[in-house]
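Inspection log for the structure reproduced underneath, given as structure tokens.
The values are calculated or read from the model by the stated rules, or taken from the named source; none is laboratory data. Everything quoted here is computed from the prediction, not taken from an experiment. Cβ atoms come from the backbone with ideal geometry, glycine included; neighbour counts cover every protein chain shown.
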Amino acid sequence: MKQKKIFSTLFILIISIVYLGEINNLNAQPASCKVTFCNCCGDSLQYDIYELGTANHWVIDTKPSLGGCNQANIFTAIPWHTYYLTSFSGCESAIVYFTGCVCVDTQVVMVSCCVEDKPNSPHKNELPKEFKLEQNFPNPFNPVTKIKFELPDAVYVTLTIYDAEGKEIVKPFSGNLLKAGYHEYVWFANSQNLSSGVYFYKLEAGSFTDTKKMLLIK
């Protein structure tokens with residue numbers, strides 16, 4: 001009887017160790033973020049994708065057969081890291097940024113076409129003349145909005161989004177050196193399960209600082 005009790009205790013102990021090991025393995029596996037990229041013109045274009053602050057680099061193709069998008073879910077991002085896209089062909093379009101999320105099954109990031117196809121584009125062959133933070137669009141929004149800003153010079157940039165009480169929600173740029181040009185940050189508000197209400201975003205670029213508010217409606 002005593003041997004049976006010892007055997008039962010050892011069996012339970014072994015099962016517990018195996019179970020805890022499996023849980024730890026699951027927790028150690030990084031969650032993935034799946035992203036679909038679409039351009040505004042429906043053309044087949046190539047874009048460079050970089051992870052901000054690292055040398056990680058990918059190339060993505062958009063396809064006319066998919067309405068100017070790529071094959072869904074072929075790009076896996078690291079959660080909460082910031083990424084940016086530039087045109088593979090060197091077109092002077094705005095640089096588009098986004099943060100990899102774990103709470104969104106598939107993020108859709110809209111990217112620009114080449115401005116060479118748009119002769120009246122203000123981005124064509126010129127850099128911004130001054131620092132500028134634009135009002136997000138759309139506004140009100142649900143659940144995605146774009147925050148655009150202009151940099152006449154390469155400068156260290158911090159972009160922070162706060163709730164109405166001043167609590168930091170996300171900081172996609174934290175003293176990152178960005179080059180001069182036109183920049184867009186795509187914010188997926190549903191990645192943090194936020195409630196409807198007023199939010200603020202603040203841009204710090206060198207000595208330039210500006211804050212604007214936006215409205216999330218669910």
Checklist entry - Out of all the residues in the range 111-124, is one or more at pLDDT 75 or above, assigned by TED's automatic domain parsing to the domain that holds residue 60 and within 26 Å of residue 62 (Cα to Cα)? => result yes
Checklist entry - Assuming residue 57 fulfils every condition listed in (1) within 30 Å of residue 209 (Cα to Cα); (2) loosely packed, with under 15 Cβ neighbours inside 10 Å; (3) outside the structural domain of residue 218 (by TED's automatic domain parsing); (4) modelled with pLDDT of 80 or more apart from one, which condition is it? => result (1)
Next on the checklist: With the requirement that a residue be at pLDDT 80 or above and surrounded by fewer than 16 Cβ atoms within 10 Å (Cβ to Cβ), what does the range 81-109 give you?
Outcome noted: 108
Checklist entry - Taking into account only those residues within the range 200-218 that are of a type outside the set (A, V, I, L, M, F, W, C) and either under 18 Å from the mean Cα position of the chain (by Cα) or over 20 Å from residue 97 (Cα atoms) (or both), which is modelled with the lowest pLDDT? => result 218
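Residues checked against (1) at pLDDT below 95; (2) surrounded by fewer than 16 Cβ atoms within 10 Å (Cβ to Cβ); (3) farther than 20 Å from residue 195 by Cα; (4) in the same structural domain as residue 107 (by TED's automatic domain parsing):
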residue	(1), (2), (3), (4)
136	no, no, no, no
142	yes, yes, no, no
147	no, no, no, no
151	no, no, yes, no
156	no, yes, yes, no
162	no, no, no, no
166	yes, yes, no, no
Next on the checklist: Exactly one of these conditions fails for residue 51: (1) closer than 27 Å to residue 179 by Cα; (2) at pLDDT below 85. Give me its number.
Outcome noted: (2)
Checklist outcome for this item: The correct count of residues that are free of Cβ contacts under 8 Å to residues at least 24 places away in the same chain and within 24 Å of residue 53 (Cα to Cα) in the range 133-184 is 5
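Pick from the range 44-64 the residues that are among the hydroxyl-bearing types (Ser, Thr, Tyr) and without any contact (Cβ under 8 Å) to a residue 40 or more places away in the chain: which of them is nearest to residue 76 (Cα to Cα)?
Out of the qualifying residues, it is 50.
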